[in-house]
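The values are calculated or read from the model by the stated rules, or taken from the named source; none is laboratory data. All values reported here derive from a predicted model rather than from experimental measurement. Here the Cβ is made from the backbone with ideal geometry for all residues, glycine too, and neighbour counts use every protein chain on show. Each accessible area value is taken on the protein alone, full model and side chains, heavy atoms only, with ligands, DNA and RNA left out. Shrake-Rupley method; radii C 1.70, N 1.55, O 1.52, S 1.80 Å.
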Amino acid sequence: MKPVEVIGIDVSYGAKKVLEAISLHVERGEILGIIGPNGSGKTTLIKAMSRIVAPENGEVHLNDRNLDFFSFRELAQQVAVVPQEISIGFDYTVRDIVMMGRHPYIGRLSSGTARDLEVCDRAMHLANVAYLADSSVNEISGGERQRVFIARALAQEPKILLLDEATSNLDISHRIEILNIIRSLTDEITVISVFHDLNLAAYYCDRLIMLKDRQVFAVGEPRDVLTQETLNAVYGIDILVKTHPLTGKPYILPVYGHTADHQPEEGVHVICGGGTGSDLLYALHREGFRVSAGVLNLLDTDYAAATALGIPCVTEAPFAAISPDARDNLRRCVDAACAVVVTAMPIGQGNIENIRILKGYRDKPIILLCGGANPSFQDYVGGEAEAIIRELLDRGAVTAGRIDEVLQVLKRME
């Protein structure tokens, strides 16, 4: 018995068809993510599953029972909905709003019981709004208000939780906090949520359903739905999809095209790390330079930027020092490059080989992107890094304070 089953529904607003022949099911205790571009019908699908809109064809079942056969009270005891935005016209307190989630269990003329208050207190603590209990809902921030509405939904003690991009107004810390809470509740509830952030959808969802042009385009586990081919077909953009080395989940990175009219035959190798080279990599790629990078740790921000751009990258395992194999690959990249750019990255025992190797390249043009004429690298190797940098400067290395200066130097070499 499926908690939710949608069977061939069509939904129209007047003469405009919004959903067409949509079928899906949700397993008990899973998180199903609904993704797709704007206008694909994600919000309407949530509304159909909560009986806010009525399908013109097909049916929606909860536990094998047609949604149409539920009373309003029964449905509210089974399904809670958190929409994108809720307008509150009266000056209710946060506690008042959360207590509204208990209305399906409280008689029309009855007051809340001790258990109702206990459930509301628990919901407010889960959504991290207990400290706002006596505040007016109209005097708190938009993000705080959204967490209040999530608390109200949790106070319903639903079996099914429908979220229409309900965390979109939250900052990243509270967004992750709420999604972690929801993930922890899947022993009790089944969750169906609209996501615009594909990386959050990939991380938190057991399965995804991707909509395009009113219909289901793909459905399955995140790694099966979030592929370069499907994302290009549905969103019309080039996306790089990688497997996260820690979570095993797919993650998505944009690929930026370049605007240059030519591609230099000789390339540039960038030695960077810790996010110090990402902007430079984007700029070089945009200008049409053939670029390589590394050695970079697989979890480094600059590695993510390089892979997003399709830049060849010499890599090393997380938290590992540069191995002989990586050093050999680095040497091949430097040999093939017309110039090397070194960014002002932190240098320790794990990555000092990146600049130590440059001592053997007396005739190779080297540019130090360091923000001034007197470069200062973060040296965590007892002065060896600073000594190498001084040696490179003495042999003619050029300093650049900005990325556009690096580009100017490189273009003069062409």
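Of all the numbered requirements in (1) closer than 29 Å to F319 by Cβ; (2) open to solvent by 60 Å² or more (accessible area, probe 1.4 Å); (3) not in a loop (DSSP other than H, G, I, E, B), Q408 misses one, and that requirement is (1).
Scanning segment 161-181 for residues that are open to solvent by less than 20 Å² (accessible area, probe 1.4 Å) and not in a loop (DSSP other than H, G, I, E, B) returns L161, L162, L163, D164, I178, L179. Looking for whichever is open to solvent by less than 30 Å² (accessible area, probe 1.4 Å) and among the polar types (S, T, N, Q) here; the options are T44, T113. Which one fits? When all the criteria are applied, what remains is T44.
For segment 116-139, state whether one or more residues are at pLDDT 90 or above and touching a Leu at 6+ places or on another chain (Cβ under 6 Å). Yes, segment 116-139 has at least one match. Checking each residue in segment 128-146 for being within 11 Å of T93 (Cα to Cα), in a helix (DSSP H, G or I) and open to solvent by less than 10 Å² (accessible area, probe 1.4 Å) picks out only V137. Looking at T186, is it in contact (Cβ under 8 Å) with a residue 12 or more places away in the chain, farther than 24 Å from A48 by Cα and among the polar types (S, T, N, Q)? So T186 fails the test. With respect to the conditions (1) of a type in the set (D, E); (2) more than 19 Å from V4 (Cα to Cα); (3) open to solvent by less than 60 Å² (accessible area, probe 1.4 Å), D213 lacks only one, and its number is (3). Against the test of being under 21 Å from T190 (Cβ atoms) and open to solvent by 60 Å² or more (accessible area, probe 1.4 Å), the options S23, S50 yield a single qualifying residue, S23.
In this structure, does L358 turn out to be modelled with pLDDT of 90 or more and outside any helix (DSSP H, G or I)? So L358 fails the test. The residues on offer are E384, E353, and the sole one that is in the same structural domain as E287 (by the TED database) and open to solvent by 50 Å² or more (accessible area, probe 1.4 Å) is E384. Pairs linking a residue in segment 231-247 that is of a type outside the set (A, V, I, L, M, F, W, C) to a residue that is surrounded by 11 or more Cβ atoms within 10 Å (Cβ to Cβ) and part of a loop (DSSP other than H, G, I, E, B), with Cβ atoms under 6 Å and 6 or more positions apart or on different chains, are Y235/P37; D238/V255; P245/L298.
Per the listing L246, L240, the residue uniquely assigned to a strand (DSSP E or B) and either touching a helix residue (DSSP H, G or I) at 6+ places or on another chain (Cβ under 8 Å) or at pLDDT below 90 (or both) is L240. Evaluation of T343 against the conditions (1) surrounded by fewer than 24 Cβ atoms within 10 Å (Cβ to Cβ); (2) among the hydroxyl-bearing types (S, T, Y); (3) in contact (Cβ under 8 Å) with a residue 40 or more places away in the chain shows that the sole unmet condition is (1).
For segment 107-127, the count of residues that are of a type outside the set (D, E, K, R), closer than 24 Å to L170 by Cβ and not in a helix (DSSP H, G or I) is nonzero. None of L75, L24 is farther than 16 Å from I209 by Cβ and out of contact with any Leu (no Cβ under 7 Å at 6 or more places or on another chain) except L75. Can you confirm whether segment 82-95 contains a residue that is in a helix (DSSP H, G or I), open to solvent by 70 Å² or more (accessible area, probe 1.4 Å), assigned by the TED database to the domain that holds G14 and modelled with pLDDT of 90 or more? Looking through segment 82-95, at least one residue is in a helix (DSSP H, G or I), open to solvent by 70 Å² or more (accessible area, probe 1.4 Å), assigned by the TED database to the domain that holds G14 and modelled with pLDDT of 90 or more.
Matching residues to (1) touching a residue at least 12 places away in the same chain (Cβ under 8 Å); (2) among the basic types (K, R); (3) over 22 Å from L170 (Cα atoms):
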| residue | (1), (2), (3) |
| --- | --- |
| V11 | yes, no, yes |
| L19 | yes, no, yes |
| E30 | yes, no, yes |
| G39 | no, no, yes |
| K42 | yes, yes, no |
| F69 | no, no, yes |
| F72 | no, no, yes |
| H103 | yes, no, yes |
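Of everything listed in (1) open to solvent by 40 Å² or more (accessible area, probe 1.4 Å); (2) in contact (Cβ under 8 Å) with a residue 24 or more places away in the chain, the single unmet condition for E118 is (2).
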